[in-house]
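Scroll down for the structure; my scribbles are underneath it.
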Amino acid sequence: NQLDKNAVTRIFKIRFQKASELASQISAFLNSSGDAKSSNSSSQIVVSEPTNQIIITTSPSKLNYIAGLIEELDNKVITTTISLKHLKASEVLAQVVNLAGKPENITVDSQGNKLVIHDNTYNIEQIQKVVRDLDEALVTKVFTLEYAMAEDIETVLSTLVTNPAAFRAETRTNQIIIRDGASQVARIESIIKKLDREDAYFTRTYNLKYASRSEERRVG
């Protein structure tokens, strides 16, 4: 009944922060504000985590106040460091720099083998997740193929994984050799098992030196 008297709903797309954390900060501001506190029961704040949005239903005057808060809080910048155990910070930089608001927001501390990030909390969280995955202890595993040919599997894998340099084909023994983080090795292994089947199909081009096209058709 309170909402139905004089209320509007607006969806805020949060660009940099985590929507759930930002919603908690907004509630705290509303509760600490004398004017806002008196009518806080008429405000409804809902978080959509998959889309990182905040849906707010409240009075028009209070909505303007909240919109100002969101604009201010969503641009809050902090500085943090990420230490690497296995990889060099300079090598990881190229793989995560696109996750920052600006390329210059990430620098390398070569002496301490760290990434120094000056960015908003949302971007920092995404960078930390990627760095943790990349900085896993490296695992080496060899897969001997039963049906498919190693060079065919190598070609297909290069289009499906983020780091084609992590594996290579050994055509003499018909094997795929992988050296990567444990989670990536497990992912590649799963793909190989799906491809290495008797009924799997691959396309290959042969350049003929001597046979004519008519002879090629007869062989086919």
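The values are calculated or read from the model by the stated rules, or taken from the named source; none is laboratory data. Every value quoted in this text rests on a predicted model; they were computed, and no experiment measured them. Neighbour counts run over all protein chains shown; Cβ positions are idealised from the backbone, glycine included. Surface accessibility is based on the protein's heavy atoms, side chains included, excluding ligands, DNA and RNA. Shrake-Rupley method; radii C 1.70, N 1.55, O 1.52, S 1.80 Å.
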Q) Counting only residues that are more than 14 Å from residue 16 (Cα to Cα), not in a helix (DSSP H, G or I) and not small (Gly, Ala, Ser), how many does the range 80-114 have? A) 15
Q | Filter result for residue 46 (open to solvent by less than 90 Å² (accessible area, probe 1.4 Å), at pLDDT below 85 and among the β-branched types (Val, Ile, Thr)) | A | no
**Q.** Count of the range 129-153 residues which are open to solvent by 60 Å² or more (accessible area, probe 1.4 Å) and either touching a residue at least 40 places away in the same chain (Cβ under 8 Å) or among the aromatic types (Phe, Trp, Tyr) (or both)
**A.** 6
Q: Would you list the strands (runs of 3 or more DSSP E) that sit entirely within the range 115-188 and hold 1 or more residues that are closer than 15 Å to residue 96 by Cβ?
A: 175-181
Q | Members of the range 175-208 found to be modelled with pLDDT of 85 or more, open to solvent by less than 40 Å² (accessible area, probe 1.4 Å) and over 16 Å from residue 140 (Cβ atoms), listed by number | A | 191, 195, 196
(Q) Taking the conditions exactly as written (open to solvent by 20 Å² or more (accessible area, probe 1.4 Å), under 18 Å from residue 192 (Cβ atoms) and touching a Lys or Arg at 6+ places or on another chain (Cβ under 8 Å)), does residue 122 satisfy them or not? (A) no
**Q.** Considering residues of the range 62-101 that are surrounded by fewer than 11 Cβ atoms within 10 Å (Cβ to Cβ) and touching a residue at least 12 places away in the same chain (Cβ under 8 Å) only, the residue farthest from residue 43 (Cα to Cα)
**A.** 85
